[in-house]
Amino acid sequence: MAISPTADAPITTAPRESDLPARPAAPGPGARRTRFTGLGTSLPWTLPATILIVAVILVPIGIMIYSSFSRIQATGVSQGFAGFDNYVKLFREPALGQVMANTVVWVVAVVAGSIGISLALAQFLNKRFPGRFLVRWALVVPWAAALVMSATVWRYMLQGSNGILNRFLMDLGLLASPIGWYQDPKFSFLSVVIVGIIVTIPFTTYVILAGLQTLPEDVYEAAKVDGARAWRTYWSITFPLLRPSLVIATILVVVSVFNSFPVIWVITGSNTGNAADTTITWAYKIAFRQQLNPGEAAALSVLNVVFLCILVFLYFRALGRSDLGRRGAVASALARAIEPVREFLTVPRHPPRPSSGRAAAVWSRIRNYVMPLGGLLIALFFLAPYIVMFLSSFKTGTELFASPATYLPAQWEWSNWVDIWDKIDLASYIKNSLIIAIVSTLIVIAISVPAAYYTARHRFAGRGAFMGVVLVTQVIAPVAVVVGLFQEFVWVGGVHQYWSIILTNAAFNLAFSIWILSGQFESIPIDIEEAAKLDGLGAFGTMTRIALPLVRPGIVTAVVFSFIQVWNEFPVALTLFNNPNKGLQTLPVGIQQFVGLAQTEYQYLFVASLIAIIPVVILFASIEKHLIGGLTAGAVK
């Protein structure tokens, strides 16, 4: 995933605080009262978050800017000031035009395609029908699974003569001969665009589905009284009400797609040339694969960050808020955009509204058959790559490269699931990923909880700047500043060290946790905390003993999503924590050694990928009970 992925926002006006998912309860009369304090008082609460963000995100950006004006050897040694030479060299690169065009097409096509399909898909999933739960979970799997795993199985499916997609299309009579979808430069970029749309659809679907479930029911009742049919109701009521949130969601999806690295890198990264590169993957190649020129790569990375900053500005404009200190609109949109699981578990508030007349009578008779059938086809489509992954994990290496491809294993090789432990140091990869994910998540929670609580309950000098920096770091993905990160950790001896990859992952997941928890803390009626303070509790005691139990769903959500993001992270681990001789690789990076230039051992790669996906599925299942129900009532009891 991500974009989880991350990485990656539905109402009539700007988003409201009352739309936050998994809120403990509607805020009471005193919920919005805050206290005004000095900057010094706020430092114990916000300084750890500020230091981590500055050290791991802002400093690398500064290093990139400096490096873009420096002459730097491939070894990282600076040879002095270079002026604009790196930028001049970048703009004279023959591949620049194609890469820029690819980037524009990639972002526009993937965003437009995924949102267009998701609008229809979310409307479908907002209806009640037998099997809807299965369809929603089918969408969760590709969204929760690491993008590097999803891209790997798509790479296998898109192969030439032995690709299973070619076999399927030829069986249907749609192809006369196999096509090398990702090997042929004529089709490689088109292939990654289509895969990009497919893996982005689950996220955008849940963003829109969250919006549909917040639309006021009385408007639909009025339309029904007026005799409006379903199609007209959608375009006259539903779509206009969703438009403000769609603008915000679109910007967030643009950020996610622009920062996307694994899909393009895994599928076409081994290809010669730049036929499928975007500015993100090209910057990585310039720094670490092709030109080995850190200065030129830094120049391109600076331009990427500038583009992301422009998106942040547009995001603020879309929100219609100039006061960063008042986080309601920002957090509401962000919370809904990155916490779709809660909406996935919520029953729609609007029952189906069938049209009147003969068509409605026919539809009522066939609906219980058509809707489940449509849902089954949708579920099979999104689960198909993982079904292929599962079945292929039982094939022999010879059968995996048979031409034409086979659907089912001719002989089920159960030994693949045993041999994998001898083929690679899988136990070390799992151990490394667990250590990094657990420690990073603990740091995120330990730092974000006090920062979120204090910013929710106090107004202080610099609060707006602090929350603004948090939001900016939310839209800057690690891959966008990986050149600066690598240079920073080379200087301090942090490459191939646990602490460097842990701090990096913690810093880039901090913003999500702060925004989510800040909204949760704001929703708690302040009268509850004031009563506790009358009993002698201090600020820290009030937070830990009163506020934290009330925001348990938000904390669980922050823990789960932070863990998943770190567990699935690929480009930073590929750069900062990649020393196979010492067993220092994470699971997503380690299993990629099965991808060879001559032949890929897909059977073992798929076994390892399925092992990597299992914890994510378990975590998603574990948060269900924490995201339903109000907790303020429980606190009063």
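The values are calculated or read from the model by the stated rules, or taken from the named source; none is laboratory data. Bear in mind the structure is a predicted one, so any value in this text is a computation, not a measurement. As a convention, Cβ positions derive from the backbone with ideal geometry for all residues, glycine included, and neighbour counts pool all protein chains shown. Accessible surface areas use protein heavy atoms only, side chains included; no ligands, DNA or RNA. Shrake-Rupley method; radii C 1.70, N 1.55, O 1.52, S 1.80 Å.
Please check which bits of region 264-305 a label hung off residue 105 would reach, taking the label as a point 7 Å along Cα-to-C-beta and the cut-off as backbone N under 19 Å.
Inside the label zone: 264-283.
Tell me the Rg and the Dmax, in Å, that the Cα atoms of region 101-202 produce.
That works out to 15.5, 44 Å for Rg and Dmax.
Could you give the semi-axes, largest first, of the ellipsoid that matches region 538-580, computed as the square roots of 5 times the alpha carbon gyration tensor eigenvalues and rounded to whole Å?
They are 35, 12, 6 Å, listed largest first.
Compute the accessible area per residue over region 399-514, keeping the other protein chains in place, probe 1.4 Å, unit Å².
Heavy-atom SASA per residue in region 399-514 reads 36 Å².
So, taking all protein chains as they sit and a 1.4 Å probe, how much accessible area belongs to residue 85, in Å² rounded to tens?
Accessible surface of residue 85 is approximately 80 Å².
Over the heavy atoms of residue 421, what accessible area does a 1.4 Å probe trace out, to the nearest 10 Å²?
Estimated to the nearest 10 Å², residue 421 gives 120 Å².
Can you list residues whose amide H is under 5 Å from residue 72's amide H, if they're 5+ apart or on another chain and H is modeled 1.01 Å from N?
Hits under the 5 Å cutoff: 79, 295.
Tell me, how many Å apart are the Cα centres for region 356-409 and for region 480-524?
Taking the Cα centre of each part, region 356-409 and region 480-524 sit 39 Å apart.
For region 149-208, take N as its residue count and report Rg(C-alpha) divided by 2.2 N^0.38 Å.
My calculation over the Cα atoms of region 149-208 gives 1.24.
Over region 504-618, with every protein chain in place, what whole percent of the accessible area is carbon and sulfur at 1.4 Å, could you tell me?
59 percent
Can you tell me how much longer the chain between residue 618 and residue 582 gets when fully stretched, taken as 0.36 nm per residue apart minus their C-alpha distance, in nm with one decimal?
10.0 nm
Per the 1.4 Å probe, what fraction of the accessible area of region 91-188, in percent, lies on carbon and sulfur atoms?
After summing per-atom areas, the C and S share lands at 70 percent.
Tell me, what ³J(HN,Hα) does each residue in region 538-550 have, in order and in whole Hz, if you take phi through Karplus 6.51 cos²θ - 1.76 cosθ + 1.60 with θ = phi - 60° and put x for Gly and Pro?
x, 4, 5, x, 4, 5, 6, 9, 10, 6, 4, x, 6
Return the distance in nm (one decimal) between the two label points of a simple spin-label model at residue 421 and residue 391, each offset 7 Å from Cα along Cα→Cβ.
The answer from the label model is 2.9 nm.
Using label points projected 7 Å from each Cα along Cα→Cβ, tell me how many nm separate residue 309 and residue 290, to one decimal.
For the pair residue 309/residue 290, the computed spacing is 2.6 nm.
Give the value in nm², to one decimal: projected area of the alpha carbon convex hull of region 523-612, averaged over all directions.
9.3 nm²
Which lysines, on any chain, are close to residue 423 with Cα under 22 Å apart, when same-chain ones fewer than 8 places away are left out?
Partners within reach: 395, 431, 582.
When ranked by the protection proxy of mean other Cβ atoms within 10 Å per residue, highest first, what sequence do the peptides 109-116, 145-152 form?
145-152, 109-116
Show 296, 522 ordered by accessible area, largest first, where the area counts protein heavy atoms only and the probe is 1.4 Å.
If we order 296, 522 from most to least accessible, we get 522, 296.
Pop out the Kirkwood hydrodynamic radius of region 49-146 from its pairwise C-alpha distances, inverse of mean 1/r, in Å to one decimal.
18.6 Å
Test of understanding: what is the full-extension gain from residue 222 to residue 610, defined as 0.36 nm times their sequence separation minus their Cα-Cα distance?
Computed gain between residue 222 and residue 610 is 134.8 nm.
How much length is gained if the chain between residue 361 and residue 236 is pulled fully straight, taking 0.36 nm per residue apart and subtracting their Cα-Cα distance, in nm to one decimal?
42.6 nm
To two decimal places, what compactness ratio does region 184-289 give when its Cα radius of gyration is scaled by 2.2 N^0.38 Å?
Normalised by 2.2 N^0.38 Å, the Cα Rg of region 184-289 equals 1.54.
Heavy atoms only, probe 1.4 angstrom, no DNA, RNA or ligands counted: give me 498, 87 ranked by accessible area, highest first.
Largest accessible area first, the list is 498, 87.
With every protein chain present, what is the per residue accessible area of region 142-199 (1.4 Å probe, Å²)?
About 35 Å² of surface per residue is accessible.
Search the structure for amide H atoms under 5 Å from the amide H of residue 458, placed 1.01 Å from N in the peptide plane, and list their residues when 5 or more places away or on another chain.
Answer set, sorted by chain and number: 35.
What is the spin-label model distance, in nm, from residue 78 to residue 407 if the labels are put 7 Å beyond Cα along the C-beta direction?
6.2 nm
In terms of solvent-accessible area of protein heavy atoms at a 1.4 angstrom probe, what is the ranking of 582, 89, 533, highest value first?
From most exposed to least exposed: 582, 89, 533.
Would you kindly derive the ³J(HN,Hα) couplings of region 285-300 from the backbone phi angles with the Karplus curve 6.51 cos²θ - 1.76 cosθ + 1.60 (θ = phi - 60°), listing them in order in whole Hz, with x for Gly and Pro?
5, 4, 7, 10, 10, 9, 6, 6, 10, x, x, 5, 5, 5, 4, 5
Check the straight Cα-Cα distances from residue 89 and name the lysines below 24 Å, setting aside those fewer than 8 residues away within the same chain.
Straight-distance partners of residue 89: 285.
Non-local amide H neighbours of residue 578 (under 5 Å, H modeled in plane, Pro and chain starts lacking H): which ones?
496
How compact is region 417-541 by the rule of thumb for globular proteins, expressed as Cα Rg over 2.2 N^0.38 Å?
After normalising by residue count via 2.2 N^0.38 Å, the value is 1.42.
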